[in-house]
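Just below is one structure, and these are the notes that go with it.
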């Protein structure tokens, strides 16, 4: 295996980490994470504006994982739990936060994700607003409840570019890492 | 017609829909993983209400957080209100947002630009 998830996770945990997790992404886990982060943000006395943005982005990031994580075949999974995902929330500076998520995707999804994120990153704030409204008004929710709006919403609320990369695990599976900065 | 009364949870809002007063309220957080289940009773209820709506219908939306899954369901609720507004009832949507919460104000304005129903943006000052 060319990409070492444990080594990657160790590196993510440098700096001022508010919360880090690797394992199954379930509905209960999402509730717990949100509760913990909400309390920590209160304690840090950040402005309500930044607290709300961090909370919102966290909800979308976690629910993106929840809706899109694929079950992996045994040989790829190794010691990873089912519905495996990584989440790290860190405080870069006063009122600056970084949310990193990671999950395994099939190689077939790379192009779709790359195209979508590159497109989002190329848009101005007004264009993102139009894109959001168009998807909101024209695309149906999937049976799982996802609406294709999560990444657009994250980009809109943060005003920052989405930073991502794909690390090769096997010929068919890649680790998708997404960094979102809230400032 | 029976009212809808749902208590809020950490992930779902408090909901009160009352056909005798024509006042509807959605308040709190709306961040469930799958919002379709949660909002379907409201959409169905509005279909029923449309048949015998009050002269005036007031909808108070006061959300602290809502996720993108909910945003589509809220639009579905608003589309029903648009139809009711075209029919026999004058509808007003009061969209509440907390002071400094520009994202929530903007979200209200997004809906206002899509739905042909009068909106009133109301800032909650602490």
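Per residue of B:33-39, what is the mean number of Cβ atoms on other protein chains within 10 angstrom of that residue's Cβ?
Mean shielding count: 5.
Relative contact order for the stretch B:4-124: what is it in percent, counting Cα pairs under 8 Å that are at least 6 residues apart?
22 percent
By how many degrees, 0 to 90 and rounded to 10, does the Cα axis of helix B:36-49 deviate from the longest principal axis of chain B?
30 degrees
Of all DSSP beta bridges located in the stretch B:4-124, what percent are antiparallel, nearest 5?
Antiparallel: roughly 30 percent of the beta bridges in the stretch B:4-124.
Given the alpha-carbon gyration tensor of the stretch B:1-59, what are the semi-axes of its equivalent ellipsoid in whole angstrom, ordered largest first, with each equal to the square root of 5 times an eigenvalue?
22, 12, 8
One quarter of the convex hull surface, Cα atoms only: what value does that give for the stretch A:70-110 in nm²?
Average projection, Cα convex hull of the stretch A:70-110: 3.9 nm².
Say we join alpha carbon atoms closer than 10 Å with springs in a Gaussian network model of chain B; which of B:37, B:112, B:25 then has the biggest fluctuation?
Per the Cα network of chain B with a 10 Å cutoff, B:37 tops the list.
Antiparallel DSSP bridges in the protein assembly as shown: what percent, to the nearest 5?
About 65 percent, rounded to the nearest 5.
Taking Cα atoms, how many degrees apart are the long axis of helix B:68-86 and the longest axis of chain B, rounded to 10 and kept between 0 and 90?
Computed tilt is about 30 degrees.
Mind sorting A:166, B:119 by how few other Cβ atoms lie within 10 Å of their own Cβ, fewest first?
Neighbour counts put them in this order, fewest first: A:166, B:119.
Which of these, A:30, A:154, A:120, has the largest mean-square fluctuation under a Gaussian network model of chain A (Cα springs below 10 Å)?
So, out of A:30, A:154, A:120, the one fluctuating most is A:30.
Could you tell me whether the stretch A:1-154 comes out rounded, prolate or oblate from its Cα gyration tensor? Rule is a ≥ b ≥ c as square roots of the eigenvalues, rounded for a/c under 1.5, then prolate if a/b exceeds b/c, otherwise oblate.
oblate
Please work out the Cα convex hull volume for the stretch B:26-72 and give it in Å³ per residue.
71 Å³
Pick from A:124, A:100, A:158: which residue has the top mean-square fluctuation in a GNM of chain A where Cα pairs under 10 Å get a spring?
Fluctuation is largest for A:124.
With a ≥ b ≥ c the root eigenvalues of the C-alpha gyration tensor of the stretch A:64-183, is it rounded (a/c under 1.5), prolate (a/b larger than b/c) or oblate? Kindly include the intermediate steps, with their values, before the conclusion.
Values: a/c = 1.94, a/b = 1.35, b/c = 1.44.
Oblate, because a/c is 1.5 or more while a/b does not exceed b/c.
So what is the relative contact order for chain A, in percent, with contacts set as C-alpha pairs under 8 Å and at least six apart?
Numbers: 259 pairs, mean separation 49.8, N = 183.
Rounded, it is 27 percent for chain A.
I'd like the orientation of helix B:102-114 relative to chain B: the angle between its Cα long axis and the longest Cα principal axis, in ° from 0 to 90, rounded to 10.
Helix B:102-114 sits at roughly 30 degrees to that axis.
If we sort B:50-56, A:36-42 on the protection proxy, mean other Cβ atoms within 10 Å, highest first, what's the order?
Order by mean packing, descending: A:36-42, B:50-56.
Once you have all Cα-Cα distances for the protein assembly as shown, histogram them in 10 Å bins from zero and send the whole-percent values.
It works out to 6, 26, 33, 22, 10, 3, 0, in whole percents.
For the stretch B:4-124, take every pair of Cα atoms, bin their distances at 10 Å starting from 0, and report each bin as a whole percent.
Per 10 Å bin, starting at 0, the Cα pair percentages come out as 14, 49, 33, 4.
Going by the alpha-carbon gyration tensor, a ≥ b ≥ c the square roots of its eigenvalues, is the stretch A:9-60 rounded (a/c under 1.5) or, if a/c is not under 1.5, prolate (a/b greater than b/c) versus oblate?
Numbers: a/c = 2.06, a/b = 1.23, b/c = 1.68.
Verdict is oblate for the stretch A:9-60.
If r is the Cβ-Cβ distance from residue A:119 to residue A:142 and R0 is 22 Å, what FRET efficiency results, to the nearest 0.05?
Here the calculated transfer efficiency is 0.65.
Would you mind computing, in nm to one decimal, how far apart the modelled labels at residue A:39 and residue A:160 are, each placed 7 Å from Cα along Cα→Cβ?
Each label point lies 7 Å from its Cα, and together they span 2.6 nm.
Distance between the C-alpha centers of the stretch A:54-85 and the stretch B:24-85? Whole Å please.
One Cα centre to the other: 30 Å.
Calculate, for residue A:17 and residue B:90, the FRET efficiency according to 1/(1 + (r/R0)^6) with r their C-beta to C-beta distance and R0 51 Å; round to the nearest 0.05.
According to the calculation, E is roughly 0.45.
When only Cα pairs under 8 Å and 6 or more residues apart are kept, what is the percent relative contact order across the stretch B:67-126?
38 percent
At residue A:76 and residue A:2, where each label point lies 7 Å from the Cα along Cα→Cβ, what is the point-to-point distance in nanometres?
That separation, rounded to one decimal, is 1.6 nm.
Laboratory data are not the source of any read-out in this text; all were calculated from the coordinates shown. Just so it is clear, the model here is predicted, and its values are computed rather than measured. Positions of Cβ are generated from backbone atoms using ideal geometry, with glycine treated the same way; all protein chains shown enter the neighbour counts.
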